[in-house]
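What follows draws every value from the coordinates through simple rules; no lab data is involved. Here the structure is a predicted model, which is why all the values come from computation and not from measurement. Backbone-built Cβ (ideal geometry, glycine too); neighbour counts: all protein chains shown.
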C-alpha cells in the first residue's frame, strides 16, 4: 500500500515508523509539511520522500492521512482537494472535525474515515476509534485498519457520533492515567519516598495492572475484588475513594470531555 501524509508531526511520524516496521517500504510513503525541520526529520529518520505542499504526486497513493491541527484543516483540505482522486480514501486523525465538514472542504469527497488515536501510539501501544462514511468500501476500511493498526489496536464504530465518546475515553484517557500516577507519586512523597522511588512504584503498578486486565478474561471489578481483603489496606483505600466520590468524579469528567468534543465539532465545523 502507498500512503501519503499531510502533516509530518509526532503522530504522523509514529504511524510512518509503525508502517515501516510492519513491512511497508519507505518508497511507498510520502509526507507533506510546510515545516522544513519536520521534513528533514522524516527524511533522515525514515528515508521517505517529503514535500512542502500538496501536488500532483498525491494521485499515485492509495490513502491520504490528514494529521494537522484542527484550526488549519479547512485551509489544508481546500489545497488538497484538486489533487485528490475519487478512489482515494482520506483518513483523518484530526480531532474534532466531522466527516461531513471535511467532505464539504474537499469538494464533496465521499471516501473518508474519521479516526481518534491516542498518544501511546507514539510507542506502538495506541488504540484508535474509527468511523467510515457511506462511500467507504470494505477494502478502504481494511486499509485504514492496517494504517492505524501499525501503532496499536483499532475499534470500529458504525455511528460517527461515537467518535466524540472515543475522544473522551481513550483520546483524552492517557491524561487521566497520568493524573492518577501523579496522585500516587504525591502520596509516596508524603509517605517519605523520594521522587524516583515513587515514580518507579506508581508507573510499574499501572503498567502491570493494565497488562493483567488486558490478559484476563475477567472484568476489572473481579480483579479489583481479588486484591481487596475485608478489613485490609486496599479496602481502606477504596472506602476513602468511595467516600470522596472518586469514581463518580471520573465518570463526570469523561462526560464533560464528551460534551466538549461535541462543542468543538460544532465550532470547528462552522468554518
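Could you check the simple spin-label distance between residue 36 and residue 222, using points 7 Å along Cα→Cβ, in nm with one decimal?
Each label point is offset 7 Å from its Cα along the Cβ direction, giving 6.0 nm.
Of all beta bridges DSSP finds with both residues in the chain, what is the antiparallel percent, to the nearest 5?
So the antiparallel bridges in the chain amount to around 15 percent.
First obtain the Kirkwood hydrodynamic radius of the stretch 116-271 from its Cα pairs, then insert it into the Stokes-Einstein equation at 4 °C and 1.567 mPa s, and state the resulting D in µm² per second as a whole number. Don't skip to the answer; put the middle values down first.
Working: Rh = 18.3 Å.
In µm²/s, the coefficient is 71.
Connecting C-alpha atoms closer than 10 Å in a GNM of the chain, tell me which of 257, 214, 144 has the biggest fluctuation.
214
What residue among 25, 196, 77 shows peak mean-square fluctuation when the chain is described by a Gaussian network model with Cα springs under 10 Å?
196
Once the Cα atoms of helix 173-190 and of the chain are each reduced to a long axis, what angle between those two axes, in degrees from 0 to 90 to the nearest 10, is obtained?
30
Please give the helix 138-149 orientation as an angle from the longest Cα principal axis of the chain, in degrees from 0 to 90, rounded to the nearest 10.
The angle comes out near 50 degrees.
Of all the Cα-Cα pairs you can form in the stretch 1-80, what percent are over 18 Å apart?
Working: 1020 of 3160 pairs.
Within the stretch 1-80, distances greater than 18 Å cover 32 percent of Cα pairs.
With the alpha-carbon atoms as the only input, what is the per residue convex hull volume for the stretch 173-263 in Å³?
Given the Cα convex hull of the stretch 173-263, per-residue volume reads 126 Å³.
For a label point 7 angstrom out from the Cα of residue 199 toward its Cβ, which stretches of the stretch 164-190 have the backbone nitrogen within less than 13 Å?
182, 185-186
In vacuo Debye scattering of the stretch 67-152, one point per C-alpha: log10 I(q)/I(0) at q = 0.11, 0.18, 0.23, 0.24 Å⁻¹?
Once normalised to I(0) and log-transformed, intensities are -0.29, -0.76, -1.15, -1.22.
Using only the Cα atoms of the stretch 221-266, what are the Rg and Dmax in Å?
According to the Cα coordinates of the stretch 221-266, Rg and Dmax are 15.6, 50 Å.
Residue 27 to residue 87: FRET efficiency via 1/(1 + (r/R0)^6), r the Cβ-Cβ distance, R0 22 Å, to the nearest 0.05?
So, using R0 = 22 Å, E works out to roughly 0.55.
Any idea what log10 I(q)/I(0) is at q = 0.09, 0.16, 0.18 Å⁻¹ for the stretch 3-166, Debye with uniform C-alpha scatterers and no solvent?
-0.25, -0.84, -1.11
Of 55, 242, 28, which has the largest mean-square fluctuation in a 10 Å C-alpha GNM of the chain?
Among 55, 242, 28, the largest mean-square fluctuation in the Gaussian network model of the chain belongs to 242.
How high is the relative contact order of the chain, in percent, counting Cα pairs under 8 Å that sit 6 or more residues apart? Spell out each step's value before the answer.
Working: 390 pairs, mean separation 40.7, N = 271.
Once normalised by length, the contact order is 15 percent.
Can you give me the angle between helix 233-243 and the longest principal axis of the chain, using Cα atoms only, in degrees from 0 to 90, rounded to the nearest 10?
The helix 233-243 is inclined about 70 degrees to the chain.
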